Amino acid sequence: MTEPVKMTEIWRGPLAESVHRGHAVICDAAGEIVDAWGDPETMVLPRSSAKMLQALPLVESGAAEAHRLTPEHLALACASHEGAAIHTDRVGAWLANLGLSDDDFRCGAHMPKDSEARNALIRAGKEPCQMHNNCSGKHAGFLTLAKHMGWGPDYVEPEHEVQKACLQAFEEITGETSPGFGIDGCSAPNFASSLHGMGRAMARFAAAEDGRSARESAEVRLWQAMIAHPDLVAGEGRACTELMRACKEPVALKTGAEAFFIAILPTRKLGIALKIVDGGTRAAECTIAALLVRLGVLDADHPATRKFMNAPITNWRGIETGMIKPVDSLL
């Protein structure tokens, strides 16, 4: 099929009141499609689901090793974090070790999504800084690479050497020539690929072996860092964090804006990529949970799963009125 298919439905009483359609693909170690829904060749912007690809030059270049980056740093380089203290404290220390400050970022500032951090800023009458940006870990990685290589400060410009390195890694691991890019919310280029290309990339991460090549060692270090530190990849209550913790085997998960999601399953050497076409995050979270249940790495009845898949909808009196559920063909 070339059209998006039903993936998640919102039920109220006896009716599917709303329907989210999308595309999804599961790829094996060879990059071949194992299962697909909708059109695997649809062109997508993976948004923050591509952060592991954008972090490859940081590790592969030797910059991470030279600057003694730990798995915590690498998890933050792949993160869309909440701006909680566990995130901003680490990003701040990372910048200080580089001899840089918040002013060296090019990601922009926004209020943290973490309620405690947000309320603390409001009570203190302070504005957020760029470290609160959910992409500040990725940008700390960009700055580390630029410093290591002696490149200039405007690292988000599409013609900057940092972004050229990211594009090269992106095209090599997706196995495609990117047709172009959009500018992400954090001001960095976000390169386009087919959905199959992103699934292929995630499967290559999953099948990588440490020591076989610099590229594969970098891939292993990144997914291992994500799995070791799910709280840094997103934050408490977030689907990435909660579902990684709930999986019965190591799985790296990463959401992207406008309802993108990926999964790296190293034990099975599989990669997943999905896109909900209306941009509904609730549907992307439900769909990725359903695919993990389908593959047997996540229990359908786990409390974390039930927050996102077959999750009850209640009204203001606490009465259950409906459910967010995947379509049967996903399970």
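The values are calculated or read from the model by the stated rules, or taken from the named source; none is laboratory data. Keep in mind that this is a model prediction, so the values were computed, not measured. Using ideal geometry, Cβ is built from the backbone for each residue, glycine included, and neighbour counts are taken over all protein chains shown. Ligands, DNA and RNA are stripped out before the accessible areas are found, and what is left, the full protein with its side chains, is counted by its heavy atoms. Shrake-Rupley method; radii C 1.70, N 1.55, O 1.52, S 1.80 Å.
Does ALA263 satisfy the condition of being of a type in the set (Gly, Ala, Ser) and in a loop (DSSP other than H, G, I, E, B)? It is false that ALA263 is of a type in the set (Gly, Ala, Ser) and in a loop (DSSP other than H, G, I, E, B). Would you confirm, using the coordinates I've provided, whether ALA109 is aliphatic (A, V, I, L, M) and surrounded by fewer than 22 Cβ atoms within 10 Å (Cβ to Cβ)? Spelling it out, ALA109 is indeed aliphatic (A, V, I, L, M) and surrounded by fewer than 22 Cβ atoms within 10 Å (Cβ to Cβ). For beta carbons closer than 7 Å, sequence separation of 6+ or different chains, a first residue in region 250-264 that is on the phi > 0 side of the Ramachandran plot and a second that is assigned to a loop (DSSP other than H, G, I, E, B) and surrounded by fewer than 24 Cβ atoms within 10 Å (Cβ to Cβ), the qualifying pairs are GLU258/GLY279; ALA259/GLY279; ALA259/GLY280.
Taking the criterion of being over 20 Å from the mean Cα position of the chain (by Cα) and either in contact (Cβ under 8 Å) with a residue 60 or more places away in the chain or open to solvent by less than 30 Å² (accessible area, probe 1.4 Å) (or both), the only residue of region 127-142 that qualifies is PRO128.
Scan region 279-331 for residues that are open to solvent by less than 30 Å² (accessible area, probe 1.4 Å), of a type outside the set (A, V, I, L, M, F, W, C) and not in a loop (DSSP other than H, G, I, E, B) and jot them down. Hits for region 279-331 are THR287, THR305, GLY322, PRO326.
Only residues that are open to solvent by 10 Å² or more (accessible area, probe 1.4 Å) and part of a helix (DSSP H, G or I): list them for region 222-231, please.
TRP223, GLN224, ILE227, ALA228, PRO230, ASP231
All of ALA50, ALA79, ALA64, ALA75 fail the test of being in contact with a Gly (Cβ under 6 Å, 6 or more places away or on another chain), at pLDDT 95 or above and within 30 Å of ALA117 (Cα to Cα), apart from ALA79. Evaluating ILE86 against the criteria (1) over 16 Å from the mean Cα position of the chain (by Cα); (2) closer than 24 Å to LEU167 by Cβ; (3) outside any strand (DSSP E or B) leaves one unmet condition, (2).
Number of residues in region 153-172 that are under 24 Å from VAL277 (Cα atoms) and crowded, with 23+ Cβ neighbours inside 10 Å equals 1.
Looking across region 237-269, the residues that are under 24 Å from GLY182 (Cα atoms) and open to solvent by 10 Å² or more (accessible area, probe 1.4 Å) come down to THR255, ALA257, GLU258.
For region 173-198, the tally of residues that are polar (S, T, N, Q), touching a residue at least 24 places away in the same chain (Cβ under 8 Å) and open to solvent by 20 Å² or more (accessible area, probe 1.4 Å) stands at 1.
Residues that are under 20 Å from GLY235 (Cβ atoms) and free of Cβ contacts under 8 Å to residues at least 40 places away in the same chain were ranked within region 83-101; the one that is most open to solvent (accessible area, probe 1.4 Å) is ASP89. On inspection, ILE272 passes the criterion of being outside any loop (DSSP other than H, G, I, E, B), touching a residue at least 12 places away in the same chain (Cβ under 8 Å) and buried (at least 23 other Cβ atoms within 10 Å of the Cβ). Here the condition is being open to solvent by less than 10 Å² (accessible area, probe 1.4 Å), farther than 30 Å from ASP89 by Cα and either out of contact with any Phe, Trp or Tyr (no Cβ under 8 Å at 6 or more places or on another chain) or small (Gly, Ala, Ser) (or both); of ALA208, ALA203, it holds for ALA203 alone. Quick one: count up the residues across region 112-121 that are crowded, with 16+ Cβ neighbours inside 10 Å and among the acidic types (Asp, Glu). Qualifying residue count, region 112-121: 1. Among the conditions (1) within 12 Å of the chain's Cα centre (by Cα); (2) open to solvent by 10 Å² or more (accessible area, probe 1.4 Å); (3) of a type in the set (A, V, I, L, M), ALA234 misses just one, which is (2). For THR314, the test of being under 21 Å from PRO14 (Cβ atoms), modelled with pLDDT of 95 or more and in contact with a strand residue (DSSP E or B) (Cβ under 6 Å, 6 or more places away or on another chain) is passed. Scanning region 1-37 for residues that are open to solvent by less than 10 Å² (accessible area, probe 1.4 Å), farther than 14 Å from ALA284 by Cα and in contact with a Leu (Cβ under 8 Å, 6 or more places away or on another chain) yields ILE26, CYS27.
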